[in-house]
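Enquirer: Submitted below is the structure of interest, expressed as structure tokens.
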Amino acid sequence: MSSNLLKLLLISTPVGPLGSGIGGGVELTLLNLANILQERGHQVTVVAPEGSILESINVVEISGNLQIMAQSQDRDTPIILPPDSVLEKMWDYARQVQNNYDLIINFSYDWLPLYLTPFFHIKVAHWISMGSLTTAMDNIIKKIVEQFPKAVFFHTKTQAETFNFSQKNFIFLQSGISLEQYQFCAKPKNQLAWLGRIAPEKALEDAVSAAKITGIPLKIMGKMQDEAYWDKINQDYPNAPIEYLGFLSTNELQKHLRDCRALLMTPRWVEAFGNVAIEALACGVPVIAYRRGGPTEIVREGETGWLVEPDSVEGLVEAIQKLDKIDRLCCRKQAETEYSLEVWGHRVEKWLFEVIQS
Ligand code: HBI
């Protein structure tokens, strides 16, 4: 393998198989990263829970019990691992094969991989996929950042700031998507979109409330993560003009998304990035988002969407009424300029070499 081509081991999130949607944005991030690095000539192998599906990428499936989702835990929850933990087994596999690789990239938001970093004799890099959630994760991330400053990276500045690090010079890798999978639409139907895991931290109820107030139908797509939460929304807003279209493939998702006047992003938590925002822009769909987390670094106010007061449904409604001020072609152009796989792949590759040389 010539020196500028790397042998990379990408270790996935332990909360669910790739393709199940349980891993949310991290699934798209890992898949796109694996594809673009392989296209650039690197050798990529993915380690993931059994049942993971990746086309044309070498995947090693590991059996075992899935990890509890970090965002469902309290801030001071102790570190827990289920018996026969898939997380433990993925990292035991990595330990056994580490000599065949130049670098391991971790995508799980869990304590164990971070703690194991100094025990490996090849470099381990960590893609932190969410903001600060628990004390145990904050502490171990801080510890690894101090020991291996180049080896930890984030999607955005706002995400990194939730960890209150003393050092400031971090690497923000944003994200990227394969733009040819998204078709631009100049003339949408009179409908709005909401995309994401259907779970409390995503505050779907605010978008449903805005749809009810404006009378504009809301198309909802994403993994049905919390049925009780979904049922409560339907009980609280019985006559809202909403339709749940399911957890769709990228191609199916963009066929509905492109026909929408805007994407509503209503995160109750600090969204690390918001892949759904750049998927919308790629279709020419403006983004209306709470001024919180990753979307604040994506949306160009008044040009490709609107940022509104966090948790303000009125703010969402006002922004919906200003949508005709947005040129949909500007949305597509921003995706092409900032979020193509080529732009992102170059940025990530540059960082990989920095980590290996650090
Ligand atoms: N929780 N424990 C744990 N580990 C993860 O890797 C994880 C998670 N919750 C959500 C999640 N990953 C992804 O959906 C987000 O990173 C996008």
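Enquirer: Which of rounded, prolate, oblate describes the chain, given a ≥ b ≥ c as roots of the alpha-carbon gyration tensor eigenvalues and a/c under 1.5 marking rounded, otherwise prolate only if a/b is larger than b/c?
Expert: Prolate is the answer for the chain, as a/c is 1.5 or above and a/b outweighs b/c.
Enquirer: What are the ³J(HN,Hα) values, in whole Hz, obtained from phi via the Karplus relation 6.51 cos²θ - 1.76 cosθ + 1.60 with θ = phi - 60°, for each residue of the range 177-193 in sequence order, with x given for Gly and Pro?
Expert: Once rounded to whole Hz, the list reads 9, 7, 4, 5, 7, 10, 9, 5, 10, 8, 10, x, 7, 7, 8, 10, 10.
Enquirer: Once the Cα atoms of helix 227-236 and of the chain are each reduced to a long axis, what angle between those two axes, in degrees from 0 to 90 to the nearest 10, is obtained?
Expert: That helix lies at roughly 20 degrees to the long axis.
Enquirer: Distance from the Cα centre of the range 218-294 to that of the range 296-326, in angstrom?
Expert: Using only Cα atoms, the two centres lie 15 Å from each other.
Enquirer: Run through the range 55-146 and list the chymotrypsin sites (Phe, Trp or Tyr not before Pro) located in a DSSP loop whose Cβ has at most 12 other Cβ atoms within 10 Å.
Expert: In loop regions of the range 55-146 (DSSP not H, G, I, E or B), there are no sparsely surrounded chymotrypsin sites (Phe, Trp or Tyr not before Pro).
Enquirer: For the range 22-179, with only Lys/Arg (+1) and Asp/Glu (-1) charged at the beta-carbon, what is the dipole magnitude about the Cα centre, in debye rounded to 20?
Expert: I would put it at about 580 debye.
Enquirer: Can you find, among Ser12, Leu179, Ser52, the residue farthest towards the positive end of the dipole of the chain? Put +1 on the C-beta of Lys and Arg, -1 on that of Asp and Glu.
Expert: It is Leu179.
Enquirer: What do you get for the angle between helix 341-357 and the principal long axis of the chain? Use alpha-carbon atoms, 0 to 90 degrees, nearest ten.
Expert: 30
Enquirer: Please give the charge dipole size of the range 1-88, origin at the Cα centre, charges +1 on K and R Cβ atoms and -1 on D and E Cβ atoms. Round to the nearest 20 debye.
Expert: 320
Enquirer: Within the set of other residues whose C-beta is less than 10 Å from the C-beta of Cys260, count the net charge using Lys and Arg as +1 and Asp and Glu as -1.
Expert: +3
Enquirer: Same structure again: If we count every other residue with Cβ under 12 angstrom of Ala136's Cβ, Lys/Arg +1 and Asp/Glu -1, where does the sum land?
Expert: So the environment of Ala136 carries a net charge of -1.
Enquirer: Can you bin the range 179-338 into rounded, prolate or oblate? Criterion: square roots of the alpha carbon gyration tensor eigenvalues sorted a ≥ b ≥ c, rounded for a/c under 1.5, prolate for a/b above b/c, oblate for the rest.
Expert: rounded
Enquirer: Shape of the range 274-334 from its Cα gyration tensor (a ≥ b ≥ c, root eigenvalues): rounded if a/c is under 1.5, otherwise prolate when a/b > b/c, or oblate?
Expert: oblate
Enquirer: Cβ under 15 Å from Asp327's Cβ, Asp327 left aside: what net charge do those residues give with Lys, Arg +1 and Asp, Glu -1?
Expert: Net charge around Asp327: +4.
Enquirer: Could I ask something else about it? Considering only protein heavy atoms, what is the solvent-accessible area of Lys168 at a probe of 1.4 Å, reported in Å² to the nearest 10?
Expert: Accessible area, nearest 10 Å²: 150 Å².
Enquirer: Dipole of the range 179-338, Cα-centred, from +1 at each Lys and Arg C-beta and -1 at each Asp and Glu C-beta, to the nearest 20 debye?
Expert: 420
The values are calculated or read from the model by the stated rules, or taken from the named source; none is laboratory data. Since the structure is predicted, the reported quantities are computational estimates derived from the model, not experimental observations. We place every Cβ from the backbone using ideal geometry, glycine too, and count neighbours over all the protein chains shown. The area values use the complete protein model at the heavy-atom level, side chains included, leaving out ligands, DNA and RNA. Shrake-Rupley method; radii C 1.70, N 1.55, O 1.52, S 1.80 Å.
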